[in-house]
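The values are calculated or read from the model by the stated rules, or taken from the named source; none is laboratory data. In this text, all values refer to a predicted model and were calculated from it rather than measured experimentally. Counting neighbours? That spans all protein chains shown, and the Cβs are built from the backbone with ideal geometry, glycine included. The protein model used for the area step is the full one, side chains on, heavy atoms only, and it has no ligands, DNA or RNA in it. Shrake-Rupley method; radii C 1.70, N 1.55, O 1.52, S 1.80 Å.
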Amino acid sequence: FTDGPRGIVIGNATCFPVAMLRGASWDPLLEQRVGTAIGAEARATGANYFAGLCVNLLRHPAWGRAQETYGEDSYHLGAMGLGLMHGVQSQHVMVCAKHFAVNSIENSRFYLDVQIDDTTLHEVYLPHFKTLVDAGVDSLMSAYNQINGEYCGHSYKLLHDVLREQWGFRGFVSSDWLWGIYDTAAPINAGMDIEMPRAHFYGKRLWKSVRRGAVSLEAIDASVRRIVTAK
């Protein structure tokens, strides 16, 4: 696994201009060239999973990670994100797009509950994610925040109904790092495949949840199939 909006952060690698500046180029083909270089450097350092594709819609002026995304327009985010995705994937490195969804604030991101209607969600905050899903992105990372009273990493509506049923997403979902999920059964049953960066609510707790029937083996098999297929 490697992350970073400016390139690979393992060992020695190129430090590219930040994503916000690259977005100001309005040049998806240039972004694809950047992605190709990032993918090659990921392979050279032994990484096969890159999570530096941030397409969150910039709305809050104090969002501490504003520099990691391309801008504040859904179409622009999708076009630039596609460029990076195609470049990285051309080097046989899996791409993770983040953070799914409606993540655009910093200090309160762990407890913020975004109240949003379906029209706004699908017309403003999700189109760029769907663009990447339709083009074959390998993975999505969930967001820390809640949407309408439910954590994104627990959301059956987001991870199953929207992502897999409506959009036909065949890749896997990983949690945001540390406190991306707060339960065992709810996330795995919703479609959360990997808890990052290590097992806290998964691991032994997941095994025990299967033993007592709170999580089905079918859910585990489906999750494993998604991960192994991408790898």
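Side notes on the structure shown:
- Sorting the segments 41-48, 196-203 by their mean number of nearby beta carbons within 10 angstrom, highest to lowest, gives 41-48, 196-203.
- Remark on Val215: its backbone amide H falls under 5 Å from those of Val210, a criterion applied only to residues 5 or more positions apart or on other chains, H modelled at 1.01 Å from N.
- Over the range 116-175, relative contact order from alpha-carbon pairs under 8 Å, at least 6 apart, %: 40 percent
- These residues, His122, His154, go from largest to smallest accessible area, 1.4 Å probe, as His122, His154.
- Glu218 paired with Gln115, simple spin-label distance in nm, labels 7 Å along Cα-to-beta-carbon: 3.7 nm
- Rg/Rh, computed from the Cα trace of the chain with Rh as the Kirkwood radius, has the value 0.95.
- Amide H to amide H, with H built 1.01 Å from N, Ala51 comes under 5 Å of Thr2, Asp3, Gly4, Cys96, counting only residues 5 or more places away or on other chains.
- Neighbours of Cys54, meaning other residues whose beta-carbon lies under 10 angstrom from its beta-carbon, give a summed charge of 0 when Lys and Arg score +1 and Asp and Glu score -1.
- Note, ³J(HN,Hα) from phi for the range 139-151, Karplus 6.51, -1.76, 1.60, rounded to Hz, x at Gly and Pro: 7, 10, 10, 6, 9, 5, 6, 9, 10, 6, x, 9, 4
- Since only His154, Thr119, Gly168 are under comparison, the one whose Cα sits farthest along the positive direction of the charge dipole of the range 102-209, derived from C-beta charges on Lys, Arg, Asp and Glu, is His154.
- Mean sequence separation of contacting Cα pairs (under 8 Å, at least six apart), scaled by the length of the chain, corresponds to a relative contact order of 16 percent.
- Remark: the range 75-231 carries a charge dipole of roughly 740 debye about the Cα centre, counting +1 on each Lys and Arg Cβ and -1 on each Asp and Glu Cβ.
- Protection proxy ranking, peptides 183-189, 23-29, 133-139, 76-82, average beta carbon neighbours within 10 Å, highest first: 76-82, 183-189, 133-139, 23-29
- Remark: relative contact order (the range 122-231) = 25 percent; criterion is Cα-Cα distance under 8 angstrom and separation of 6 or more residues.
- Of all DSSP bridge pairs formed entirely within the chain, close to 10 percent run antiparallel.
- Taking other residues whose beta carbon is less than 15 angstrom from the beta carbon of Val137, and scoring Lys, Arg as +1 and Asp, Glu as -1, yields +2.
- Rg [Å, one decimal], Dmax [Å, integer] - the range 1-136, C-alpha atoms: 14.5, 45
- Gyration tensor analysis over the Cα atoms of the range 2-57 returns equivalent ellipsoid semi-axes of 19, 12, 10 Å (largest first, whole Å).
- Looking at the range 109-231, the pairs of alpha carbons with a distance over 21 Å make up 36% of the total.
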